[in-house]
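Novice: If you scroll down you'll find the structure; I have some questions about it.
Quick note: the coordinates plus some simple rules give every number you see, no bench work behind them. Here the structure is a predicted model, which means the values were calculated and not measured. Ideal geometry is used to build each Cβ from the backbone, glycine not excepted, and the neighbour counts take in all protein chains shown.
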Amino acid sequence: MNRTLRILGAVEDTILASVLGVMIVLAAVQIVLRNVFDTGFLWADPMLRVSVLWVGMLGAMAATRDDRQISVDALSRFLPSRWNARVRVLTDIFTAIVAGFFSWHAGRLVIEDYASAMTAFASVPVWVCELILPFAMAIIAIRYAIYAWKHFREALTEPPRGPQGRTLKDEDPTERPTSNAQRSNSFQKRRADTGSRVVPHENSILRRPTP
């Protein structure tokens with residue numbers, strides 16, 4: 001499964017880089033032809049506009065593949081950390097629904113333009129140029145549905161937190177004293193930090209002010 005996902009990701013990156021490279025080269029050639037030779041390709045400008053659309057949608061697909069879409073974390077900054085996974089479930093479901101509706105209506109647009117047999121440039125049909133819309137948004141909807149399930153499982157299996165909101169996973173084992181020597185060093189450190197005399201006791205720690 002991981003190998004298949006890596007292959008699909010490499011295919012996405014290859015298509016994105018190819019379309020972007022063709023767009024840059026074609027734009028440069030068109031600029032030179034217009035400014036130097038006072039000519040140009042009639043189909044270049046419409047193709048560049050379609051290329052911008054394809055690059056944008058392919059870039060959105062690549063961003064959602066690694067869960068790196070642009071997000072506004074205004075709400076998560078004011079919520080406790082234990083609610084982050086639960087909020088992500090809601091935002092992922094909302095994103096998947098919106099992307100699904102977008103894909104559905106974009107597919108209807110492609111079907112209508114296919115029936116009309118309109119051309120965009122150089123005998124290329126309009127519906128071919130629009131194919132990226134339903135395809136990319138469907139991929140985004142599927143990926144965010146998967147992210148919603150992933151964050152839902154994380155919210156259910158979230159480990160218990162201590163009084164300071166730290167989980168056992170977040171704690172550093174080296175910070176906890178495990179021997180008498182480490183406990184003694186911990187007492188000395190507390191004494192230096194607080195300016196009080198720390199006296200270790202068998203069951204408790206007694207403090208008395210330093211004279």
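Novice: Given H placed on each backbone N at 1.01 Å, which residues far from Thr119 in sequence or on other chains put an amide H within less than 5 Å of it?
Specialist: Val126
Novice: How much net charge surrounds Val124 when only other residues with a Cβ under 15 Å from its Cβ are counted (Lys, Arg +1; Asp, Glu -1)?
Specialist: Taking every other residue near Val124 into account, the sum is -2.
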